[in-house]
Amino acid sequence: LMIKMATKRQNETKSDDSSEAKKKKTLNSKFGGKTEEEVMEMLLPDHLKSDLDVIFIGINPGLYSAYTGHHYSNANNHFWPCLYESGLIPRKMTYKEDAECLDHGIGFTNIVPRTTRGSNDLTRKEIKEWSKIMLERMAQLKPLVLCFNGKGIYEIYSGKKCSIGIQEEKLPGTETFVYVMPSTSGRAASHPRRADKLKFFIELKELIGRCKANQEQSKLKQAPLPQNPALSDDQHSASTPETQSS
């Protein structure tokens, strides 16, 4: 009996070692030889500048995006196909070209810069602190629209429930509209297919169009009225009554 128990424990240990080795091998293959802990030390760069049409907001970088150094780089994410099919960009682009989206009025950032396995690993304190920093940055950059990629992301940021679409309140202290769309992840339960998400990108494009139209109208209203051209001497004489001599 003792021999059987020892053999069983030995087999279980071998099985555990084998599973751990397989897991490590998978991780090394997925992240180019890096462990999850090493990837979590990596940062995902923002792509931002002033007066953009829209800035897409994530909660924080996931492992794969941090490893690649690009936004929405997971093959199962529907972000890039929807961005093109909605007309927000003029040609098909991939995650490797995320920095070039600035040329099309599109920027990217996250509320919290720290890379984690999942958003549940973030603390409420850091979400609150980084949300304040994000608001200050957006007030300086002044995008037309701030788009939260995921209903849950906006609810974590705002601390309240919301509906998908345009939010009633603008970003505090700014004229920036807030738009909330379903997560573009292929694992999103509420909108799992690409076709389910495309309509929200189209609605976002329409919102940006309305914002631009309103901007143009405001500029026209604020523009000074053109002055009348100076009258010639002959015109001035003809239009001015002669003074009677005394």
Once all protein chains are kept in place, residue 163 shows an accessible area at probe 1.4 Å, nearest 10 Å², of 80 Å²
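Can you work out the accessible area per residue across region 91-131, with the rest of the protein chains kept in place, probe 1.4 Å, in square angstrom? Don't jump to the answer; show the numbers that get you there.
Working: 2390 Å² over 41 residues.
About 58 Å² of surface per residue is accessible.
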If the chain between residue 133 and residue 76 were fully extended at 0.36 nm per residue, the gain over the current Cα-Cα distance would be 17.5 nm
So the carbon and sulfur contribution to the accessible area of region 38-128, 1.4 Å probe, in percent, is 47 percent
Long-range amide H partners of residue 166, meaning residues 5 or more apart or on another chain whose placed amide H is closer than 5 Å, are 180
Residues of region 46-89 with backbone N under 17 Å of the label point set 7 Å from the Cα of residue 170 along Cα→Cβ are 51-55
Rounded to one decimal in nm, the spacing of the 7 Å Cα→Cβ label points at residue 160 and residue 100 is 4.1 nm
With bins of 5 Å, the percent of all Cα-Cα pairs of region 39-105 per bin from 0 is 3, 17, 26, 27, 18, 7, 2, 0
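The values are calculated or read from the model by the stated rules, or taken from the named source; none is laboratory data. Keep in mind the model is a prediction, meaning the values are calculated, not measured. Note that we place each Cβ from the backbone using ideal geometry, even for glycine, and neighbour counts take in every protein chain shown. Only protein heavy atoms, including side chains, enter the accessible area calculation; ligands, DNA and RNA are left aside. Shrake-Rupley method; radii C 1.70, N 1.55, O 1.52, S 1.80 Å.
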